[in-house]
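Enquirer: Right, I'll just put the structure down here and ask away after.
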Amino acid sequence: MLEKLFSYSGKYKSHAYIAIGMIFLSVLSEIGAFYFLYRLISVIIESNLTMDSILFFGLGIIALYLLKSLLFSFGLDHSHIFAYNTLFNIRSKLSQKLKRISLGSILTKGTGAYRQNFADDIENIELLLAHGIPEGLPYFVSCICVYIAIFIVDYRMGLLSLLTIPIGILSMSGMVKSGKTKSEQYQKSLINLNKSIIEYVSGMEVVKVFNKTKKSSKKINDSIENYRKFTVNWYKVNWNYMAVFQSVIPSTIIFILPIGMYMVYMNTIKISVLLFCIILALSISTPLLKLMNYFPVLYNVVKKIEKLEKEFEQPEITVGNRDAEVSSNDIEFSNVTFSYDDAIVIDNMSFKISENKKVGIVGESGSGKSTIGKLIMHYWDVNKGQIKFGGVDIREISLSKLMSSISYVSQDNFLFNTTIKENLLIAKPDATDEEIIEACKSAHCHDVIMRMENGYDTNVGDSGSKLSGGERQRITIARAMLKDANVVILDEATSFTDSENDVLINKAIINLTKNKTLITIAHKLSNIKEMDSIMLIDKGKLIGNAPHDILLDNSKYSQLWNRYVKSLDYKFSV
């Protein structure tokens, strides 16, 4: 595990070695100060105290403690340089890994999980890198050296000094055993609490509108109470272990002092030898306690590292680097099968969309319509078959080439927390103001933007939260128009727009894609009636592919169309 961590440090690995060396010397300096204290006390006991001895040993103690502080401080400087640069490298590697994982897998896992990976899980490793390794190893070596020294001076005192360690280990093992059985439950209760909080905050508007505050509050309060009960009960189990551990481990003289005094009384050990052993034992009490405190930290960090390693081991999407060979914008599915986990979503589907054609995709909810659009965008690798773009398997085409050739607008439109103009420039960084305005006029959002206080320099907020759903949707459509890609995929792209703007936007889209391939995935069948062809999807299978008039002979499509027509005449009775 440590070898793996060090592999992420790169050129900063040397800082870890420097930190270990400096902290080890700082520990030896403190032990040296205790030795000088022992010599000073010995001089006093032997009645040989002089001003020279006071100055020598006194100044020696001060100098060694100053040296200890300086070395420890410099050591921590280097350990933190090592730690934070290693964390940077881990985060960089994870971000690079995300680029190679299928976008569909990332969206399925959710942003919250990746936020925890990038922020919490990686940050928790800092304690091990900045303190656990640089401090723990020197503390361990110095403790061993001191124990060896005590045994050399008097093996009986050495055995007595070791008696506190088994007691400390037993208490520590009790905490570790408890942690193994309850850490998983703790994580589950924490995840449930986080989910409840996110759901409570996100759904606040719905809760208030439907007056469900009592029920909603009960759910989050129950989650908080369950988390509180679990953590308190867990701590109650560990309190006794912790008390024994914290009190016994640093008490290295608890057996040496009384038994040693008795041995002095029985004249079986010199008082100077006892005094030296006591001071040596005292000198390792703090390093020993810190060393033992790192064991539970190490356990938790190991779990975090294992979790991160699973992310690094995720299967990567198949991506090639073929660009020049893509000579057309034809899209072809050849016996494609795709499934989410074990559920088949696209079942042995084959079709071809020639370039510059206008194609609609319809079907019941959950039939697989949106999945087709996402597979064209290479959100996932297919389980079986091939998807070709310009006659080339998309797994052989670079993502940059594929993304530059296709504009995709979904119903889940996303805007970054910056200005409207900056959000639009994502599609075409070198776009002129005239091009931006023209795209927004086509999407019927220019007038809306100009009515805002700062116009195109208006900040849209997190995920576009300062705009209405229709405004966000029209801006994302304008962004797709500005990109000017050869293929445009609209997945329920106008679901939030009102009927008047819906008609105008669709006319603008048709005009702007005259010499482009247009794929429209829609519930509003009026948006695709005039398409060159309409693909009818049912339970992951293609059961019809023809223009509207011909497809009406298909009973399933006829049923969808009649249902749509009836919905237009539906009126609410008051």
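Bear in mind these aren't lab numbers, they're just calculated from the coordinates by the rules spelled out. Bear in mind the structure is a predicted one, so any value in this text is a computation, not a measurement. We place every Cβ from the backbone using ideal geometry, glycine too, and count neighbours over all the protein chains shown.
Enquirer: Note the angle between two axes, namely the Cα long axis of helix 13-45 and the longest principal axis of the Cα atoms of the chain, as a number of degrees from 0 to 90, rounded to the nearest 10.
Expert: Once rounded, one gets 20 degrees.
Enquirer: So, one more: Work out how much length Ser327 to Gln185 would gain on full extension: take 0.36 nm times their residue separation and subtract the Cα-Cα distance, in nm to one decimal. It would help to have the intermediate numbers written out before the result.
Expert: On the way: separation 142, 0.36 × 142 = 51.12 nm, distance 5.53 nm.
So the extension gain works out to 45.6 nm.
Enquirer: Here's a follow-up. With a Förster radius of 45 Å, plug the Cβ-Cβ distance of Lys218 and Ser526 into 1/(1 + (r/R0)^6) and report the FRET value to the nearest 0.05.
Expert: 0.55
Enquirer: Also, quick follow-up: Mind checking which aspartates and glutamates have their Cα closer than 18 Å to the Cα of Lys421? Skip sequence neighbours fewer than 8 apart in that chain.
Expert: Output for Lys421: Asp430, Asp433, Glu434, Glu435, Glu438, Asp447, Glu453, Asp457, Asp462, Glu471, Asp484.
Enquirer: Across the chain, where is the longest run that never hits trypsin sites (Lys or Arg not before Pro) in a DSSP loop with at most 16 other C-beta atoms within 10 Å?
Expert: On the way: sites that count: Lys212, Lys270, Arg451, Lys466, Lys514, Lys529, Lys539, Lys571.
It works out to 1-211.
Enquirer: Please determine, in degrees from 0 to 90 and to the nearest 10, the orientation of helix 499-512 with respect to the longest principal axis defined by the Cα atoms of the chain, where the helix direction is its Cα long axis.
Expert: The angle comes out at about 90 degrees.
Enquirer: For helix 213-248, what angle does its Cα long axis make with the longest principal axis of the chain, in degrees from 0 to 90 and rounded to 10?
Expert: Result, in degrees: 20.
Enquirer: Something else: Convert each backbone phi in the stretch 153-160 into a coupling constant with the Karplus relation 6.51 cos²θ - 1.76 cosθ + 1.60 (shift: θ = phi - 60°), then list the ³J(HN,Hα) values in order as whole Hz, x for Gly and Pro.
Expert: Going residue by residue, I get 5, 7, 4, 5, 5, x, 5, 5 Hz, with x marking Gly and Pro.
Enquirer: Additional query: In whole Hz, with x marking every Gly and Pro, tabulate ³J(HN,Hα) for the stretch 303-312 from phi via Karplus 6.51 cos²θ - 1.76 cosθ + 1.60, θ = phi - 60°.
Expert: So the J values, rounded to whole Hz, are 4, 5, 5, 4, 5, 5, 4, 5, 5, 5.
Enquirer: For the stretch 331-568, report the convex hull volume of the alpha-carbon atoms normalised per residue, in Å³, without decimals. Write out the running numbers ahead of the final one.
Expert: Numbers: hull volume 30.3 nm³, N = 238.
Hull volume over Cα atoms, normalised by residue count, gives 127 Å³.
Enquirer: Could I ask something else about it? Hey, what do the phi angles of the stretch 71-79 turn into as Karplus ³J(HN,Hα) couplings, whole Hz, using 6.51/-1.76/1.60 and θ = phi - 60°, x for Gly and Pro?
Expert: With the stated coefficients, the stretch 71-79 comes to 4, 5, 5, 5, x, 5, 4, 5, 5 Hz.
Enquirer: What ratio of Cα Rg to 2.2 N^0.38 Å holds for the stretch 1-152?
Expert: Values: Rg = 22.9 Å, N = 152, 2.2 N^0.38 = 14.8 Å.
Ratio of Cα Rg to 2.2 N^0.38 Å: 1.54.
Enquirer: I would also like to ask the following. Could you give the length gained by full extension between Met261 and Val244, i.e. 0.36 nm per residue of separation minus their alpha carbon distance, to one decimal place?
Expert: That works out to 3.6 nm of additional length.
Enquirer: In terms of Cα to Cα distance under 16 Å, which lysines are near enough to Lys428, apart from those fewer than 8 places away along the same chain?
Expert: Leaving aside lysines fewer than 8 places away in the same chain, those within reach of Lys428 are Lys401, Lys483.
Enquirer: A further question on this structure: Which of Leu70, Leu40, Pro429 sits farthest toward the positive end of the charge dipole of the chain, with +1 on the Cβ of Lys and Arg and -1 on the Cβ of Asp and Glu?
Expert: Of the options given, the answer is Leu40.
Enquirer: Hey, another quick one. Given a Förster radius of 51 Å and the C-beta distance between Leu103 and Val141 as r, what FRET efficiency does 1/(1 + (r/R0)^6) yield to the nearest 0.05?
Expert: Computed FRET efficiency for Leu103 and Val141: 0.55.
Enquirer: Related question: Could you list log10 I(q)/I(0) for the stretch 224-332 at q = 0.10, 0.11, 0.20, 0.23 Å⁻¹, which the Debye formula gives when each Cα is one point scatterer?
Expert: Results for the stretch 224-332 at q = 0.10, 0.11, 0.20, 0.23 Å⁻¹ read -0.63, -0.69, -1.11, -1.20.
Enquirer: May I ask for the longest run of the chain untouched by GluC sites (Glu not before Pro) that are loop-located per DSSP and have at most 13 neighbouring C-beta atoms (other than their own) within 10 Å?
Expert: Free of exposed loop sites, the longest segment is 47-312.
Enquirer: Once the cut-off is 43 Å, how many percent of the Cα-Cα pairs in the chain end up in the long-distance tail?
Expert: Summing the P(r) of the chain above 43 Å gives 45 percent of all pairs.
Enquirer: Okay, next question. Once you've got the Cα coordinates, tell me which of Lys188/Lys466; Lys93/Lys384; Lys13/Lys303; Lys4/Lys304 are over 24 Å apart.
Expert: Correct reply: Lys188/Lys466; Lys93/Lys384.
Enquirer: If you don't mind, there's one more thing I want to ask. No solvent, one uniform scatterer per C-alpha: report log10 I(q)/I(0) for the stretch 360-467 via the Debye equation at q = 0.15 1/Å, two decimals.
Expert: Each listed q maps to, in turn, -0.84.
Enquirer: Suppose only helical runs count, i.e. DSSP H with n ≥ 4. What mean residue ellipticity at 222 nm does that imply for the chain under -39500 (n - 2.57) per run, divided by all residues and rounded to the nearest 500 deg cm²/dmol?
Expert: Mean residue ellipticity, 222 nm, calculated: -20000 deg cm²/dmol.
Enquirer: How much length would be gained if the chain were fully extended between Ile510 and Asp457, taking 0.36 nm per residue of separation minus their Cα-Cα distance, in nm to one decimal? Walk me through the numbers before you get to the answer.
Expert: Values: separation 53, 0.36 × 53 = 19.08 nm, distance 2.88 nm.
Residue separation times 0.36 nm, minus the Cα-Cα distance, leaves 16.2 nm.
Enquirer: Tell me, what is the FRET efficiency for Glu313 and Phe351 to the nearest 0.05, using R0 = 35 angstrom and their Cβ-Cβ distance as r? Write out the running numbers ahead of the final one.
Expert: Numbers: r = 35 Å, r/R0 = 1.01.
Efficiency for this residue pair is about 0.50.
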